[in-house]
Amino acid sequence: MRILITLILIVSNLTVNAQFEYFNTPDFWGKFQIDTKPETTRPDSAFIMISNRKYTGDKLRFLGDAVDEERLHYLYIYAWKNKWHVLETKSIEEAVNYMPDINKDWLLYTEGMGKQFTTDADRAFIVNGMYHVNVIMFDYPSITSEKGQFGNYFFAIGNAKNAYKYFIPAMYTIEDLRVKHKMGNGKLSMIFHSMGNYVVRNMVKNGELRMINDRQWVDNLILNAPCVPNRHHKVWLEKIGFAKNIYVHYNPEDRTLGGAYLASKQIQLGGALKNAECDNVHYINFSTLCGENHSNFLNVHGRPPASAAAVRHYNTLFHGNPVDLSNTALYTPTAYRHIGYDILPN
């Protein structure tokens, strides 16, 4: 069985390996420059990263794949003069105050397996450029060069399951800044992608909602291709009261989540759903639009560009607006077990 699972993971994670190698080169790490103060107030692009990675002491690869058990790192990262500048701040509020326009809409973004610091930084810049939102990236180690395919799967899932312990204080702070109008007047949404959904799932299941769940301070909560068990998801999803709208993006043909099912023997929430249990959730089926694809909202290195229909859909959600599921040119009730809606090609 171990051999079978290993073969499955090798096939399903070939792209992960290619991404790891690309983002771990000296040339890519060389894009970054550590600052002690901002060099400009008008950068080409900027975002905030909240990371539980530990500093390595290496001048080039300065944030590694070990977890810092002592503290979070609040990083203001901005593009300026062909460098990606990294400034560690004392607080989230300080990082927010460095952002060029705090009145833009905000997106809290958590990625899944196979991401180094460099990968997450690249994706945050891409989201910022494609969707013109202020990004706060939650970054945790989800791949290591010290393990193979089989070991990396469990390395990633273990860190994803524990990441909520580190990030929940940051959630409390962001909610407080939001309520006190210290993050401008834009809307705010959250997206958790793939294994990153363990952050929100375990936050709820471990009773950490108490300080952020008494008001709706998040416009859209997007569980994107969630690589978490489908079974009894109603139990924890229905406890969420902090979001006005909740969307589960699933795909019965998702090849990556098919591999996760074979490895875990559990149907994944983002995969071949058997039922739609939650009345407060909008289920969106991506199979008609995206086939076997797993990540459909970004134009990333080594992959075909995201479809126009997907970009339109995510653009609506990332800017805090509900999608119009009654628009039959864009959405139709799905034939797949009648669970929600298909998103249609343009």
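The values are calculated or read from the model by the stated rules, or taken from the named source; none is laboratory data. Computed from a predicted structure; not experimentally measured. Counting neighbours? That spans all protein chains shown, and the Cβs are built from the backbone with ideal geometry, glycine included. In case anyone asks, the SASA skips ligands and DNA or RNA and just uses the protein heavy atoms, side chains included. Shrake-Rupley method; radii C 1.70, N 1.55, O 1.52, S 1.80 Å.
In region 278-287, what residues are open to solvent by less than 50 Å² (accessible area, probe 1.4 Å) and at pLDDT below 95? Explain how you work it out, then say what you get.
Taking region 278-287 and keeping what is open to solvent by less than 50 Å² (accessible area, probe 1.4 Å), we get 278, 281, 283-287.
Hit for region 278-287 is CYS278, nothing else.
Any idea how many residues of region 136-163 are hydroxyl-bearing (Ser, Thr, Tyr), farther than 19 Å from THR25 by Cα and over 14 Å from the mean Cα position of the chain (by Cα)? Give the steps one after another, and end with the answer.
In the first step, residues of region 136-163 are kept if they are hydroxyl-bearing (Ser, Thr, Tyr); the result is 140, 142, 144-145, 153.
If we keep only those that are farther than 19 Å from THR25 by Cα too, we end up with 140, 153.
In the following step, the residues that additionally are over 14 Å from the mean Cα position of the chain (by Cα) were identified as 153.
Counting residues in region 136-163 that are hydroxyl-bearing (Ser, Thr, Tyr), farther than 19 Å from THR25 by Cα and over 14 Å from the mean Cα position of the chain (by Cα) gives 1.
Determine which single condition PRO305 fails, assuming it passes every other condition in (1) touching a residue at least 40 places away in the same chain (Cβ under 8 Å); (2) out of contact with any Pro (no Cβ under 9 Å at 6 or more places or on another chain); (3) closer than 24 Å to THR119 by Cα; (4) of a type outside the set (D, E, K, R).
(1)
Could you please find all residues in region 293-327 being closer than 17 Å to TYR283 by Cβ and open to solvent by 50 Å² or more (accessible area, probe 1.4 Å)?
PRO322, ASP324, SER326, ASN327, listed by residue number.
Evaluate the following for LEU273: is it open to solvent by less than 40 Å² (accessible area, probe 1.4 Å), in contact (Cβ under 8 Å) with a residue 24 or more places away in the chain and assigned to a helix (DSSP H, G or I)? Even if it seems obvious, please write down each step before you answer.
Working: open to solvent by less than 40 Å² (accessible area, probe 1.4 Å): yes; in contact (Cβ under 8 Å) with a residue 24 or more places away in the chain: yes; assigned to a helix (DSSP H, G or I): no.
So LEU273 fails the test.
Residues to consider are LYS54, LYS37; find the one that is in contact with a strand residue (DSSP E or B) (Cβ under 6 Å, 6 or more places away or on another chain), at pLDDT 95 or above and either on the phi < 0 side of the Ramachandran plot or open to solvent by less than 40 Å² (accessible area, probe 1.4 Å) (or both).
Values: LYS37 fails: in contact with a strand residue (DSSP E or B) (Cβ under 6 Å, 6 or more places away or on another chain).
Answer to the check: LYS54.
Just to verify a result, which residue in region 328-343, among those that are surrounded by fewer than 15 Cβ atoms within 10 Å (Cβ to Cβ) and either aliphatic (A, V, I, L, M) or in contact with a strand residue (DSSP E or B) (Cβ under 8 Å, 6 or more places away or on another chain) (or both), is nearest to GLY291 (Cα to Cα)?
Step by step, filter region 328-343, then rank; the result is ALA335.
What are the residues in region 237-267 that are part of a helix (DSSP H, G or I) and open to solvent by 10 Å² or more (accessible area, probe 1.4 Å), if any?
At the first step, the residues of region 237-267 found to be part of a helix (DSSP H, G or I) are 237, 255-264.
Scanning region 237-267 gives ARG255, THR256, GLY258, TYR261, LEU262, ALA263, SER264.
Hey, can you tell me all the residues within region 185-224 that are among the acidic types (Asp, Glu) and either open to solvent by less than 10 Å² (accessible area, probe 1.4 Å) or assigned to a strand (DSSP E or B) (or both)?
Within region 185-224, the subset among the acidic types (Asp, Glu) is 208, 214, 219.
Scanning region 185-224 gives a single hit, ASP219.
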